[in-house]
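Supplied in structure tokens, the structure appears directly below.
The values are calculated or read from the model by the stated rules, or taken from the named source; none is laboratory data. Because the structure is a prediction, the values reported are computed rather than measured. Cβ placement follows ideal geometry from the backbone for every residue including glycine, while neighbour counts extend to all protein chains displayed.
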Amino acid sequence: MLQHRFIDSARRSPKKVAFIDRTTGRDITFKQALLAGLILARRFRKLERGRIGIMLPTSGGGALAVLGAVMAGRTPVMINYSTGAKKNCRYAQHQCDFHTIITTRALLEKTGCPQLDHMLFIEDILATLKPLEKGLAFIKTLLPTPLLKRLVGRNDLDTPAVILFTSGSEKDPKVVQLTQRNILSNIDSFCLHMEIYGMDRLLAVLPYFHVFGLTINLWTPLCLGMTSITYANPLEFKTVAKIIRDTKPELLVGTPVFLEGYIRQSEPGDFNSIKLAVSGADKCPDTLRQLYREKQNLEIHEGYGTTETSPVISANPRSDNRAGSIGVPIPGVQVKILSYETGEECLAGETGKILVRGDNVMGGYLNDVEESSLKLKSGWYDTGDLGYMDADGYLYHKGRLKRFVKIGGEMVSLVAVEECLNNVTDMDCECCVVELPDAKRGSKIVAVTSKAVDSSKTNKRLSEELPNIALPRKYVTVSSFPRMGSGKTDFRGLTEHVWKLEQEED
């Protein structure tokens, strides 16, 4: 159990710092974290049954709220506050059947979210703690380890550990319930695969409502007894780069957007403490790899995962890192590639649908039998991604199946067009490709760039790599791309924005 692993960490090193919270400037030891977790667990048991909403930033307090919920036998429902806090609160309550949401006034103010019914502020809970509550929790910390573990949850790996929501970058978010087994198996396999055991400090800036942040930034250090260096806003690139220089983490995990922001705000030598840098959640550009090599003498190890797989499916091992690949499946995870036309298993080098099986795979979407049956068959989860596996067992990601469009009877990969577009535009020009309906051809490709480009010259250069049907029919300049909480481009939001611009022109 996750909370049992944490108790083991607290027993081994009670005085060790569990959280260096750079948002509040406070350090929290494992002993203090255990005490706080027990106090919050007692409160949460009285507030809600079954599930409890948590909308808190990446911080010591946010991690302790999740810990307290799990210790209380409640399933934390992690609410994304970056893409519409009020809307997402209501959506989560409706989909998951709960009332209470633990949050903080500072976050509501920052996100512009009004105070909703059944919201409770973590600062109010902490301010109203009674001496008896603190005393009871302290007494529990003195209990023998086996008895303490029994008080915070029986050893059942099929117990729900968290509810998360898919990004919703393509359609409404799906509700993913992950079990203790799912997350623990992923932690163990990822740490073994990437040789993380023995590392001592981790930079934690990814949001906990994102599965990458929850598993790797929150539970991994708690289970391994590592010090987690937290900061609430991963988009404050200059501040995070300074935190890396000052606090000297050994493990850096992030999305390409975040990793690029940090490297550009750094000076040579700032990242000397980092032993491993891992990129996930989106394709890692070659230009980013080059930046890390040249500026910090670091190699980026790219990985791959999904919310439904807790999240890690594959990663490039430290002993054999292959640029352009998303690595090999981590221990205990099976991957197969099936033809999206025939359903037969593909040979090495043939592109098809990526399917995954293992203890990290969810049991299904909450209260959605239809979607679950579409995605899960005989234990195999259909990721909706396309890729191939080479003769050495390395995976290569070729894009989302939904990001392929049929034009003139041919399947065109929007991801492939984006890659070519990135190669022929300036490094500081962000590029994306979206599909819009077209009266004559059914669909048309529209290129979206953060800087104005010469469409004729750009298409001439693209034609050297792409067939005519794959060339963008229109170019649109958008200074700021909409983002998901992980830093990924919000394709649905961007497509809607471009569609509105086109309608206004007409």
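So, residue 260, is that one among the acidic types (Asp, Glu), surrounded by 19 or more Cβ atoms within 10 Å (Cβ to Cβ) and either touching a residue at least 24 places away in the same chain (Cβ under 8 Å) or assigned to a loop (DSSP other than H, G, I, E, B) (or both) or not?
Details: among the acidic types (Asp, Glu): yes; surrounded by 19 or more Cβ atoms within 10 Å (Cβ to Cβ): yes; either touching a residue at least 24 places away in the same chain (Cβ under 8 Å) or assigned to a loop (DSSP other than H, G, I, E, B) (or both): yes.
It is true that residue 260 is among the acidic types (Asp, Glu), surrounded by 19 or more Cβ atoms within 10 Å (Cβ to Cβ) and either touching a residue at least 24 places away in the same chain (Cβ under 8 Å) or assigned to a loop (DSSP other than H, G, I, E, B) (or both).
Scan (1) at pLDDT 95 or above; (2) under 21 Å from the mean Cα position of the chain (by Cα) for the single condition residue 288 breaks and write down its number.
(1)
Being surrounded by 14 or more Cβ atoms within 10 Å (Cβ to Cβ), within 27 Å of residue 492 (Cα to Cα) and more than 20 Å from the chain's Cα centre (by Cα) narrows it down to one residue among 340, 394, 365, 381; which is it?
Details: 394 fails: within 27 Å of residue 492 (Cα to Cα); 365 fails: more than 20 Å from the chain's Cα centre (by Cα); 381 fails: more than 20 Å from the chain's Cα centre (by Cα).
Residue meeting the stated conditions: 340.
Can residue 103 be described as assigned by TED's automatic domain parsing to the domain that holds residue 47, at pLDDT below 95 and not aromatic (Phe, Trp, Tyr)? Step through it out loud before you land on a result.
On the way: assigned by TED's automatic domain parsing to the domain that holds residue 47: yes; at pLDDT below 95: no; not aromatic (Phe, Trp, Tyr): yes.
The answer is no for residue 103.
Can you go through 313, 274 and tell me which one is modelled with pLDDT of 95 or more and buried (at least 24 other Cβ atoms within 10 Å of the Cβ)?
313
Another question, if that's okay. How many of the residues making up region 154-163 are touching a strand residue (DSSP E or B) at 6+ places or on another chain (Cβ under 6 Å) and assigned to a loop (DSSP other than H, G, I, E, B)?
Quick first cut of region 154-163, residues touching a strand residue (DSSP E or B) at 6+ places or on another chain (Cβ under 6 Å) only: 158, 160-163.
After this cut, where a residue has to be assigned to a loop (DSSP other than H, G, I, E, B) as well, the list is 158.
Number of matching residues: 1.
Determine which member of the set 502, 418 is outside any loop (DSSP other than H, G, I, E, B) and modelled with pLDDT of 80 or more. Steps first, please.
Numbers: 502 fails: modelled with pLDDT of 80 or more.
Unique residue meeting the criteria: 418.
Restricting attention to region 366-374, does a residue exist that is assigned to a loop (DSSP other than H, G, I, E, B) and touching a strand residue (DSSP E or B) at 6+ places or on another chain (Cβ under 6 Å)? Even if it seems obvious, please write down each step before you answer.
Filtering region 366-374 for residues assigned to a loop (DSSP other than H, G, I, E, B) gives 366-368.
Going one step further and asking which of them are touching a strand residue (DSSP E or B) at 6+ places or on another chain (Cβ under 6 Å), we end up with 366.
Yes; the residues of region 366-374 include at least one that is assigned to a loop (DSSP other than H, G, I, E, B) and touching a strand residue (DSSP E or B) at 6+ places or on another chain (Cβ under 6 Å).
Does at least one position in region 178-197 carry a residue that is in a loop (DSSP other than H, G, I, E, B), crowded, with 24+ Cβ neighbours inside 10 Å and out of contact with any strand residue (DSSP E or B) (no Cβ under 7 Å at 6 or more places or on another chain)?
Restricting attention to region 178-197, the residues satisfying the condition of being in a loop (DSSP other than H, G, I, E, B) are 194-197.
Cutting the leftovers down to crowded, with 24+ Cβ neighbours inside 10 Å gives us none.
Checked against the condition, which is being in a loop (DSSP other than H, G, I, E, B), crowded, with 24+ Cβ neighbours inside 10 Å and out of contact with any strand residue (DSSP E or B) (no Cβ under 7 Å at 6 or more places or on another chain), region 178-197 yields no hits at all.
Examine region 110-117 for a residue that is outside any helix (DSSP H, G or I), of a type in the set (A, V, I, L, M, F, W, C) and either in contact (Cβ under 8 Å) with a residue 40 or more places away in the chain or not assigned by TED's automatic domain parsing to the domain that holds residue 433 (or both), and state whether such a residue exists. Explain how you work it out, then say what you get.
Residues of region 110-117 outside any helix (DSSP H, G or I): 112-117.
This time we only want the ones that are of a type in the set (A, V, I, L, M, F, W, C), so: 113, 116.
Applying the additional criterion that residues be either in contact (Cβ under 8 Å) with a residue 40 or more places away in the chain or not assigned by TED's automatic domain parsing to the domain that holds residue 433 (or both) yields 113, 116.
Looking through region 110-117, at least one residue is outside any helix (DSSP H, G or I), of a type in the set (A, V, I, L, M, F, W, C) and either in contact (Cβ under 8 Å) with a residue 40 or more places away in the chain or not assigned by TED's automatic domain parsing to the domain that holds residue 433 (or both).
If you don't mind, there's one more thing I want to ask. Considering 282, 320, which residue is of a type in the set (D, E, K, R), within 20 Å of residue 236 (Cβ to Cβ) and either in contact (Cβ under 8 Å) with a residue 24 or more places away in the chain or assigned to a loop (DSSP other than H, G, I, E, B) (or both)? Even if it seems obvious, please write down each step before you answer.
On the way: 320 fails: within 20 Å of residue 236 (Cβ to Cβ).
Result: 282 is the single residue among 282, 320 that is of a type in the set (D, E, K, R), within 20 Å of residue 236 (Cβ to Cβ) and either in contact (Cβ under 8 Å) with a residue 24 or more places away in the chain or assigned to a loop (DSSP other than H, G, I, E, B) (or both).
Name the single residue, out of those in region 198-231 being part of a loop (DSSP other than H, G, I, E, B) and not aliphatic (A, V, I, L, M), that is modelled with the lowest pLDDT. So that I can check it myself, show each step before the final result.
Step one: filter region 198-231 for residues part of a loop (DSSP other than H, G, I, E, B), giving 198-200, 205-210, 225-226, 231.
Retained after the next criterion (residues that are not aliphatic (A, V, I, L, M)): 198, 200, 207-210, 225, 231.
On the way: 198: 88, 200: 95, 207: 95, 208: 96, 209: 95, 210: 93, 225: 97, 231: 97.
Here the answer is 198.
Across region 263-279, what is the number of residues that are aliphatic (A, V, I, L, M) and assigned to a helix (DSSP H, G or I)?
Here is the first cut: in region 263-279, the residues aliphatic (A, V, I, L, M) are 263, 274, 276-278.
Those left that are additionally assigned to a helix (DSSP H, G or I): 263.
Number satisfying all stated conditions: 1.
Conditions: (1) surrounded by fewer than 23 Cβ atoms within 10 Å (Cβ to Cβ); (2) modelled with pLDDT of 95 or more. Residue 111 meets all but one. Number of the miss?
With (1) surrounded by fewer than 23 Cβ atoms within 10 Å (Cβ to Cβ); (2) modelled with pLDDT of 95 or more applied to residue 111, the lone miss is (2).
Another question, then. Name, by its number, the condition in (1) part of a helix (DSSP H, G or I); (2) crowded, with 21+ Cβ neighbours inside 10 Å that does not hold for residue 242.
(2)
Quick grid of which residues meet (1) among the polar types (S, T, N, Q); (2) over 28 Å from residue 162 (Cβ atoms):
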| residue | (1), (2) |
| --- | --- |
| 286 | no, yes |
| 311 | no, no |
| 331 | no, no |
| 373 | yes, no |
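Tell me which residues, restricted to region 118-153, are surrounded by 10 or more Cβ atoms within 10 Å (Cβ to Cβ) and assigned to a loop (DSSP other than H, G, I, E, B).
Answer for region 118-153, where residues must be surrounded by 10 or more Cβ atoms within 10 Å (Cβ to Cβ) and assigned to a loop (DSSP other than H, G, I, E, B): 118, 129, 143, 152, 153.
Hey, residue 292 hits all of (1) hydroxyl-bearing (Ser, Thr, Tyr); (2) in a helix (DSSP H, G or I); (3) within 30 Å of residue 71 (Cα to Cα) but one; which does it fall short on?
That leaves (3) as the condition not met.
Please return the ranges of strands (runs of 3 or more DSSP E) entirely within region 12-91 where 3 or more residues are surrounded by fewer than 24 Cβ atoms within 10 Å (Cβ to Cβ).
Where strands (runs of 3 or more DSSP E) fall fully within region 12-91 and carry at least 3 residues being surrounded by fewer than 24 Cβ atoms within 10 Å (Cβ to Cβ), they are 17-21, 26-29.
What residue, of 479, 456, is outside any helix (DSSP H, G or I), surrounded by fewer than 13 Cβ atoms within 10 Å (Cβ to Cβ) and modelled with pLDDT of 80 or more?
On the way: 456 fails: outside any helix (DSSP H, G or I).
So the residue among 479, 456 that is outside any helix (DSSP H, G or I), surrounded by fewer than 13 Cβ atoms within 10 Å (Cβ to Cβ) and modelled with pLDDT of 80 or more is 479.
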